[in-house]
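Working notes, structure below.
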Amino acid sequence: MKVLHAENLEKQYILGKHVVKALDGVSLDVEHGEFVGIMGPSGSGKSTLLHLLGGLDWASQGDILLDGQNVSRLSDKQVTLVRRRNVGFVFQFFNLLPTLTAEENILLPLIIDGKKQKDYTEKLTEILKRVGLEDRRHHRPDQLSGGEQQRVALARALITRPAILLADEPTGNLDSKTGTAMMHLLRESSRDLKQAIVMVTHDPKAAAYADRVIFLRDGVIVDEVNFKDDTEPSSRLHQIITTLEKLEN
């Protein structure tokens, strides 16, 4: 079942007298529980696409259906509500509030949406356990490592059980070992929680955790690789690197 359907997306910017197309007719479907990676060179439109899918920006043309709602035809207020309740975000920079504890940062989307914290006690405990932060729940961001802060950000994105989780370079600010741990958590969230994930990354090792990887260049999808569950990580990595090299030639 499709959780996301994007059709013929275009995004144009006016720079002086010139029109620049950041996206040019991109179409994309994502199923429940599917983990999709997006790769491409700088300026290919990766982050622009992610922002459109998450309702952070408006498409110049095209439609985006998120969990059955056409967000392209909603008002700003309606899009804000859809984004708040149906989309989880994980960014390269953790975007945690420094004065709040890990637990409070995780609960923030519920507080903003007017939910009662006591109704989510069990879910909070479950998510803290999933991301390995049970003993760090009362620590503020400056008392946490970079990896722990990113795990707080992931838990915050998952607390509302969003229809889709969007991740923009989630390992970009982490060392190799911590980045690998984060990718394992994203992979487990996709499989165990049936969480749909779309991730932008420049790292082939991170992309190898996805079910399929879409390649953008100049605002257009130019290639795609699909993996079976039993595909060896080394084979996935080889296919991704080979595709990237082909696109550069």
Checklist outcome for this item: In segment 9-58, residues that are within 21 Å of Val222 (Cβ to Cβ), of a type in the set (Gly, Ala, Ser) and in contact with a strand residue (DSSP E or B) (Cβ under 8 Å, 6 or more places away or on another chain) total 8
Next on the checklist: Looking at (1) under 26 Å from Met1 (Cβ atoms); (2) without any contact (Cβ under 8 Å) to a residue 40 or more places away in the chain, which one does Glu122 not meet, given that it meets all the others?
Outcome noted: (1)
Checklist entry - From the list Asn105, Asn95, which one is polar (S, T, N, Q) and assigned to a helix (DSSP H, G or I)? => result Asn105
Item to check | Of all residues making up segment 1-29, the number that are touching a helix residue (DSSP H, G or I) at 6+ places or on another chain (Cβ under 8 Å) and either more than 17 Å from Phe215 (Cβ to Cβ) or at pLDDT below 90 (or both) | outcome: 2
Checklist entry - So is Ala167 in contact (Cβ under 8 Å) with a residue 40 or more places away in the chain, touching a Ser or Thr at 6+ places or on another chain (Cβ under 9 Å) and within 25 Å of Asp113 (Cα to Cα) or not? => result yes
Checklist entry - Looking at Phe89, is it at negative phi, surrounded by fewer than 16 Cβ atoms within 10 Å (Cβ to Cβ) and among the aromatic types (Phe, Trp, Tyr)? => result no
Checklist entry - For segment 218-242, how many residues meet the condition of being over 21 Å from Thr180 (Cβ atoms), buried (at least 18 other Cβ atoms within 10 Å of the Cβ) and of a type in the set (Val, Ile, Thr)? => result 1
Checklist outcome for this item: Filtering segment 1-37 down to residues that are among the aromatic types (Phe, Trp, Tyr) and in contact (Cβ under 8 Å) with a residue 12 or more places away in the chain yields Phe35
Checklist entry - Mind checking which residues of segment 115-128 are over 18 Å from Gly88 (Cβ atoms) and either assigned to a loop (DSSP other than H, G, I, E, B) or charged (D, E, K, R) (or both)? => result Lys116, Lys118, Asp119, Glu122
Item to check | segment 48-76 residues that are assigned to a strand (DSSP E or B), paired with ones that are among the acidic types (Asp, Glu) (beta carbon under 7 Å, 6 or more apart) | outcome: Gln61/Glu10; Gly62/Glu7; Gly62/Glu10; Asp63/Glu7; Asn70/Asp63
Next on the checklist: Tell me the residue from Met183, Met199 that is in a strand (DSSP E or B) and over 16 Å from Ile127 (Cβ atoms), please.
Outcome noted: Met199
Checklist entry - Any idea which of (1) surrounded by fewer than 15 Cβ atoms within 10 Å (Cβ to Cβ); (2) without any contact (Cβ under 8 Å) to a residue 40 or more places away in the chain; (3) hydroxyl-bearing (Ser, Thr, Tyr) is the one Thr99 doesn't satisfy? => result (2)
Checklist entry - Which condition breaks for His139 when tested against (1) in contact (Cβ under 8 Å) with a residue 60 or more places away in the chain; (2) surrounded by fewer than 17 Cβ atoms within 10 Å (Cβ to Cβ); (3) assigned to a loop (DSSP other than H, G, I, E, B)? => result (1)
Checklist entry - Looking at (1) in a loop (DSSP other than H, G, I, E, B); (2) basic (Lys, Arg); (3) in contact (Cβ under 8 Å) with a residue 40 or more places away in the chain, which is the one condition that is false for Arg156? => result (1)
Next on the checklist: more than 16 Å from the chain's Cα centre (by Cα) and either surrounded by 16 or more Cβ atoms within 10 Å (Cβ to Cβ) or polar (S, T, N, Q) (or both): which single residue out of Ile106, Ile112 fits that description?
Outcome noted: Ile106
Item to check | Number of positions in segment 213-249 that are out of contact with any strand residue (DSSP E or B) (no Cβ under 8 Å at 6 or more places or on another chain), touching a residue at least 60 places away in the same chain (Cβ under 8 Å) and in a helix (DSSP H, G or I) | outcome: 1
Checklist entry - Does Gly172 qualify as being touching a His at 6+ places or on another chain (Cβ under 9 Å) and either over 17 Å from Phe89 (Cα atoms) or not in a strand (DSSP E or B) (or both)? => result yes
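The values are calculated or read from the model by the stated rules, or taken from the named source; none is laboratory data. Keep in mind that what you see is a predicted model, and the values were worked out from it rather than measured. Reconstructed Cβ throughout: ideal geometry from the backbone, glycine too, with neighbour counts over all protein chains shown.
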